[in-house]
Structures are given as C-alpha cells and as structure tokens.
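A.B. asks: One structure, as structure tokens, below. Some questions next.
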Amino acid sequence: MKGITLLAALLAYFLLTSCQKEPTLQKYFVENSDKKDFIALDISPSIINVDQTKLTSEQKTALTSFDKMNIIAFKSNKNNQVEYSEESQKVTQILKGKEYNELMKIGSGKDAASVSFVGDENHINEFVLFAKKKDNGFAVVRILGNDMNPNNIMNMLSILKSSNIDMTQLSSLQGLIK
C-alpha cells in the first residue's frame, strides 16, 4: 500500500511540474503593472479618432482587426539600473520564446528595438514592439487583434498619420519620454 501511495505522489509531482509553461508577456504585464518603476496602460481603439467615411476598404479592414493595445514601461534612473537590466533581460528572454517570431531588430546593447509577432504571417494575433534606452528605460507595446497581417499594420500607420489621437489615454507615459 505504501508503494502505491509513493508512486501516486511521484506521478502527481511530475504531472504538476511538467505543466508549468514558459513565461509570457501577458504574465509579465500582470506581475509588474503595479510595481513602482513601471507604468502600465491599456489603450482601446477609441484612441484613433478618424472619419471612417474617408477610409479605404483596406484601412477599414485594418481598423477592425485592431482590438486593443497594452503598454508597460519601465522608467530607469540612476538608482534602479540593476532592476532595469534585470527587467529588460526578462522581456528579451520572453521574446526569444517559441511563441514569438521576430520580424525586425534595430540596434543592440543599451539602445535597441525589436518587432515580433504571435501567429503566422497572414493571421497575426499580436504584434509586440520592444524598445529600450538605458537613460530612459524600456517599453513593451502589445498590439492585439484578430487576423492582422503586415498590410493591416501598414494601413494602421497611414490611419494614425491622419487621425486625431486622443492623448488623454497616453498621459501617464509623458514622464517617460524625454
């Protein structure tokens, strides 16, 4: 009887430890959104104030594929450089996970940026922009949507250029930008 109990306990232990998943950006956002050096915001599509009657059909498709944007930023200063390095490294490691596909990387070391996505090239569910500058900090922007594709992102950029962006949703980030 003791052998069966021991075997059941070992089996339960291995099942529980094998079910642990690698870290994700969503978990990172949740775990850090209330910490003192972080700024977190969720931005709705209402930030884009645009006359939809003036949009092309491609721009309308791009706009409807966009659900929301999550931003988390770490504001660095002379007193938290160790934390800045640790947190920046955590994000870098998450983005190296098998779920994320890197599209582009610019720079390296203390000043860098990258663009990654989740999904495949024609059915993207999430774009991730990660930018860091040692003097200011870093920011991670998750653009969430349904069946986005690179054309949608390019069309979204053209919409943003001509829209009247509601800056009140971004007011908490003003202290991060120098």
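A.B. asks: Just to be sure before I move on: is residue 32 farther than 18 Å from residue 153 by Cβ and open to solvent by 20 Å² or more (accessible area, probe 1.4 Å) in the structure I sent?
C.D. replies: no
A.B. asks: Do we have residue 90 as surrounded by 12 or more Cβ atoms within 10 Å (Cβ to Cβ), closer than 30 Å to residue 158 by Cα, among the basic types (Lys, Arg) and out of contact with any strand residue (DSSP E or B) (no Cβ under 6 Å at 6 or more places or on another chain) here?
C.D. replies: no
A.B. asks: Give the number of residues within the range 32-84 that are polar (S, T, N, Q) and within 13 Å of residue 142 (Cα to Cα).
C.D. replies: Count: 2.
A.B. asks: So, of the residues in the range 101-142 that are outside any strand (DSSP E or B) and under 23 Å from residue 38 (Cα atoms), which turns out to be least open to solvent (accessible area, probe 1.4 Å)?
C.D. replies: Per the stated criteria, the residue is 136.
The values are calculated or read from the model by the stated rules, or taken from the named source; none is laboratory data. Nothing here was measured: the structure is a model prediction, and the numbers come from that model. Glycine gets a Cβ as well: all are built from the backbone with ideal geometry, and neighbour counts include every protein chain shown. Areas reflect the complete protein model, heavy atoms only, side chains present, ligands, DNA and RNA absent. Shrake-Rupley method; radii C 1.70, N 1.55, O 1.52, S 1.80 Å.
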